[in-house]
Amino acid sequence: MFATRTVVAMLAAVIVLLGCGPGNSPSKSSAAPANGATAGARAASWTLGGVPCCTLIAVPPVAPPVGTGTCPGVRPGAIVLTDVGQCTLNFLFQGSDGGRYIGTAGHCVLGTSPIGGDVGERSWGPGTGPVARDSGGNRMGEFAYAILQDPKDFSLIRLDPQVQASAGMCHFGGPTGVNNDRPALSQPVVLEWFGNGVVAGSAVPARSAIAAGMPSPDHVFAQGAATPGDSGSGVISSDGRAVGALVTVGVHTGSLGLAGGDAGLVGITRLTPQVDRAQQVLGTNLVLQSAPTQ
């Protein structure tokens, strides 16, 4: 199994450059686009963990619904359509306020700054947030919270009561819990996600990557592949625990020499600090909903 996943990661890496180009035109504002907007967010320059390393994964414009994709429903790995464009859902949470929330990347709703860098943080009360839709264009809920501020790139959708949602990630299953481990860079970690990126989402939606380690509490750099549309994908370790959200592509080498080789082709924002901040802003406790691995 390990060998198979490693080969998939190596083969998929050849398409990573699809996510590194200029992408689509930027949104008109660095704030959340108005409802109904369909312009994608370009692959804007950003820093991750203070490292001027990379670009945010571009968000392709929403196309007319053509089916459910390879991961139907509302669950980790499924498509989410926003005013900015198409992204991928990550993890499901139960709120102490009685609401259910599911995550994606912050730049999937906030868009990107025309000059790169941080956009900021926003929250919306019930009935006021931008609408989020599934792959068929059906409403799943409204955004309640979003942040794009290094090292955080995360957002939460408050699901409508009647919407059915599953905690299990397509193909891999999980998350079985949260992975806050910080192995040194001499301790490789196999990471997995299910994404809906252009080309990759159809050819190899279930992908693996290898991180030399995960020494930072805020981010992980790994050798893997991501393309426009993968933004927000939930990343788990090979034991099924949630690590974070996939958000950047590029040659993440800014920390070479400082951390002994913390580098990679994709960047992941770790889950716990972002959920902690969202809880503080929303005033509700968020409990990760778990599922068995497959």
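In a fully extended conformation the segment linking residue 163 and residue 149 would gain 2.0 nm over its present Cα-Cα distance, using 0.36 nm per residue. Of the peptides 174-180, 159-165, the ranking by mean beta-carbon count within 10 Å, highest at the top, reads 174-180, 159-165. Here r is the Cβ-Cβ distance between residue 276 and residue 131 and R0 is 30 Å; the resulting FRET efficiency, rounded to 0.05, is 0.70. Each label was represented as a point 7 Å from its Cα along the Cα-to-Cβ direction; for residue 294 and residue 138 these points are 1.9 nm apart. Label reach from residue 123 (point 7 Å along Cα→C-beta): in region 267-289, amide nitrogens under 13 Å belong to 275-286. Charge dipole (Cα centre; +1 on Lys/Arg Cβ, -1 on Asp/Glu Cβ; no other charges) of region 149-207 amounts to roughly 20 debye.
Measuring between their Cα centroids, region 280-294 and region 137-167 lie 12 Å from each other.
Across region 227-244, coupling constants 3J(HN,Hα) worked out from phi with the 6.51/-1.76/1.60 Karplus curve, θ = phi - 60°, read 9, x, x, 7, 3, x, 3, x, 10, 10, 7, 5, 8, x, 7, 6, 9, x Hz, and Gly and Pro carry x.
Rounded to the nearest 0.05, the FRET efficiency derived from the C-beta distance between residue 182 and residue 203 at R0 = 41 Å is 0.80.
Every number here is computed from the coordinates shown, using simple stated rules; none is lab data. Keep in mind the model is a prediction, meaning the values are calculated, not measured. Counting neighbours? That spans all protein chains shown, and the Cβs are built from the backbone with ideal geometry, glycine included.
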